[in-house]
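The values are calculated or read from the model by the stated rules, or taken from the named source; none is laboratory data. Please read these numbers as outputs of a predicted model, since none were measured by experiment. All Cβ positions, glycine included, derive from the backbone under ideal geometry; neighbour counts span all protein chains shown.
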Amino acid sequence: MFSKVLIANRGEIAVRVMRACEELAIATVAVYSELDREAPHVKRADEAFLLGPGPAAESYLSIEKLLDAVRRSGAEAVHPGYGFLAENAAFAAALGEHGITFIGPPASAIEAMGSKTRARELMARAGVPIVPGTTAPVQTLEEAARLIEETIGYPVAVKAAGGGGGKGFRVAVDESRLQEAFEGAAREGEKFFSDPTVYLERYLPDPRHVEVQVLADKHGTVIHLGERDCSVQRRHQKLIEEAPAPAVDAPMRERIGRIATEAAAAVGYTGAGTIEGLLQGSDYFFLEMNTRVQVEHCVTEMVTGIDIVKEGIRIAAGEPLSVAQDDVVLRGHAIECRINAEDASKNFAPAPGTIGAYREPAGPGVRVDSGVGPGSEVTPMYDPLVAKLITWDVDREQATARMVRALREYDIGELKTLLPFHEAILQTRQWANAETCRDLIEDRQWLKSLAFPKVPATKAEAEEPGADTVEQSYTVEVSGKRFEVKVIGPPFAGAALNGAGPLAGAGIGRRPPRRAERSGRGGAGGGDTLSSPLQGTVLKVAVQPGASVEEGALVCVIEAMKMENEITAHKAGTVAELPIAIGSSVATGDTLAVITSSG
């Protein structure tokens, strides 16, 4: 077994992996960006190394900087978590070249399954059913239009070949929307996966998204841990997951489990992975393979009692699986709600900010995987996931009741999150009937009718020290490595003494001041002004000054928290002012355009 593991990630998954390592008596190494200096995963680790500035490309995505941190820490293995470099074959190969174990599948398996077109081709050859569509990249818009006309038909899904997690996935309901879908999928593929190529699939309008968890060791054993249902999504990104899947019975579980293990064996897979599929009636189609730990692995752990993260670490260390297929028994029902910093009433717009008071729910059958605490900054630089709330009970109905109770207990002050959305949707008839809830999520009026209260912070600021001799704890960085230092003696000049106020910049360890909020109404600032409903970067400007636009026409696309957000005209008229450009940064409430009424 390893003696020291570096976790090449941040947030809740970094904390989750550290917990597994601690239970296996493995020392942990964290890495962090300048924005994450005070993050819980940094403080929890035995060692921590600074990677660089906030942007992921300059920190968490820098293979060179991560290799340097591995070398300096003396870690024997690297756990990538999910996202960032978790499915990067070049990263896995680079670690191997330096004698470092990648806790995940071999680079060859990542490469085979990382390209969705190649994965579809491999699965088709292996006899695994795939969604009808292309198995090769589609190079041009004209080629896409021809293939759709000849073989696929509308509606069609245009997907990035290297995509995943809902990125690079666009739908064209008819020919008029094909160019927008094709260009959008290619743009996201290039941005998030450095691969602009796309392919086509028949779009199944309302299937169930059912995936199977697999584990494969280096001794030829491949097993599955049952399935999860992840059908409650927005923009093809998951919101709620549950295990077992409500629409799957024992014979189907055996059938799709066999499909999953055969798919993993076909590429020589080792480690923890997930075969994702679409269930339409009794037909099950292979969708893609995620060659990593999934965000929603927790619900499978709750119903099987198997620690997927620890199994993955043991597999990487060369140990055989601790369980056989016959040992896997599903007990009860588990539900996971993704608690994102998003405003569902504004089409799930990202809502970054600073957390005030923070209290996690507890009690029987309740689990919280989080990477935040009081005063944590949820930055627009990274994914909006704040935490995962998981509940377990003997059946789906009771697990739902427990989740509603836990959601009401969860206190995340001063930050707008999906807590009210989850509480509302879990009490609908559609959820009770195990429907996909797609009609609710696409119903803007239903979402806008929900109340999204902001809980005020109640925690008082820490008192300043007043004695002549004080004990202070500081965090310092020496050559990029983080150290905790305790200083006992007279206070520094900046500390309060005999009632004197601290100098500017003093007060180490205190929660940062609350940030002023800008007013805004989710896109329309009132009258002629179209205001930004979120903070982010302009990726596309779809209009020109002087142009005539209809209400609902696309004005621009803003990227925030790794999501593209289409901003549309709030009224019909003429674009009188357009103070934005591609690449420019905007804050919530900034003017995107001024549209004057026609006539």
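Please pick out the residue among Ala334, Ala401, Ala387 that is aliphatic (A, V, I, L, M), free of Cβ contacts under 8 Å to residues at least 12 places away in the same chain and either touching an Asp or Glu at 6+ places or on another chain (Cβ under 9 Å) or surrounded by 22 or more Cβ atoms within 10 Å (Cβ to Cβ) (or both).
Unique residue meeting the criteria: Ala401.
Looking at the range 376-418, which of its residues are among the aromatic types (Phe, Trp, Tyr) and at pLDDT below 95?
Correct list: Tyr382 only.
Kindly evaluate Val329 against the criterion of being more than 23 Å from the chain's Cα centre (by Cα), among the β-branched types (Val, Ile, Thr) and part of a loop (DSSP other than H, G, I, E, B).
yes
Provide a single number: the residues in the range 50-82 that are farther than 14 Å from Val29 by Cα and in contact (Cβ under 8 Å) with a residue 60 or more places away in the chain.
Number satisfying all stated conditions: 4.
Picking from Glu47, Glu64, which residue would you name as being of a type in the set (Asp, Glu), surrounded by 15 or more Cβ atoms within 10 Å (Cβ to Cβ) and outside the structural domain of Glu377 (by TED's automatic domain parsing)?
Glu47
Can you name every residue in the range 247-284 that is under 24 Å from the mean Cα position of the chain (by Cα) and not aliphatic (A, V, I, L, M)?
Tyr269, Thr270, Gly271, Gly273, Thr274, Glu276, Gly277, listed by residue number.
Of the residues that make up the range 347-369, is at least one surrounded by 18 or more Cβ atoms within 10 Å (Cβ to Cβ), hydroxyl-bearing (Ser, Thr, Tyr) and closer than 28 Å to Ala560 by Cβ?
Yes, the range 347-369 contains a residue that is surrounded by 18 or more Cβ atoms within 10 Å (Cβ to Cβ), hydroxyl-bearing (Ser, Thr, Tyr) and closer than 28 Å to Ala560 by Cβ.
Residues that are among the basic types (Lys, Arg): list the strands (runs of 3 or more DSSP E) wholly contained in the range 198-290 that include at least 2 such residues.
The strands (runs of 3 or more DSSP E) meeting that bar are 222-234.
Given the structure, is Lys167 buried (at least 21 other Cβ atoms within 10 Å of the Cβ), in contact (Cβ under 8 Å) with a residue 60 or more places away in the chain and touching a Phe, Trp or Tyr at 6+ places or on another chain (Cβ under 7 Å)?
yes
Sort out for me the helices (runs of 4 or more DSSP H) sitting completely within the range 55-120 that have 1 or more residues that are touching a His at 6+ places or on another chain (Cβ under 9 Å) and among the basic types (Lys, Arg).
Filter on the range 55-120 gives 63-73.
Give the residues of the range 552-582 that are over 22 Å from Arg170 (Cα atoms) and either at pLDDT below 90 or loosely packed, with under 15 Cβ neighbours inside 10 Å (or both), sorted by residue number.
Correct list: Ala572, Ala576, Pro579, Ala581.
Could you grab me the full set of residues in the range 342-359 that are among the polar types (S, T, N, Q) and either in contact with a helix residue (DSSP H, G or I) (Cβ under 9 Å, 6 or more places away or on another chain) or assigned to a helix (DSSP H, G or I) (or both)?
Ser345, Asn347
Please identify the pairs in which a residue from the range 173-195 that is closer than 19 Å to Gly162 by Cα and touching a residue at least 40 places away in the same chain (Cβ under 8 Å) has its Cβ atom under 7 Å from the Cβ atom of a residue that is among the basic types (Lys, Arg) and surrounded by 18 or more Cβ atoms within 10 Å (Cβ to Cβ), counting only partners at least 6 apart or on another chain.
Pairs that qualify, where the first residue is closer than 19 Å to Gly162 by Cα and touching a residue at least 40 places away in the same chain (Cβ under 8 Å) and the partner is among the basic types (Lys, Arg) and surrounded by 18 or more Cβ atoms within 10 Å (Cβ to Cβ), are Gly184/Arg170; Glu188/Lys167; Phe192/Lys167.
Mind checking which residues of the range 385-410 are aromatic (Phe, Trp, Tyr) and assigned to a strand (DSSP E or B)?
Correct list: Trp392 only.
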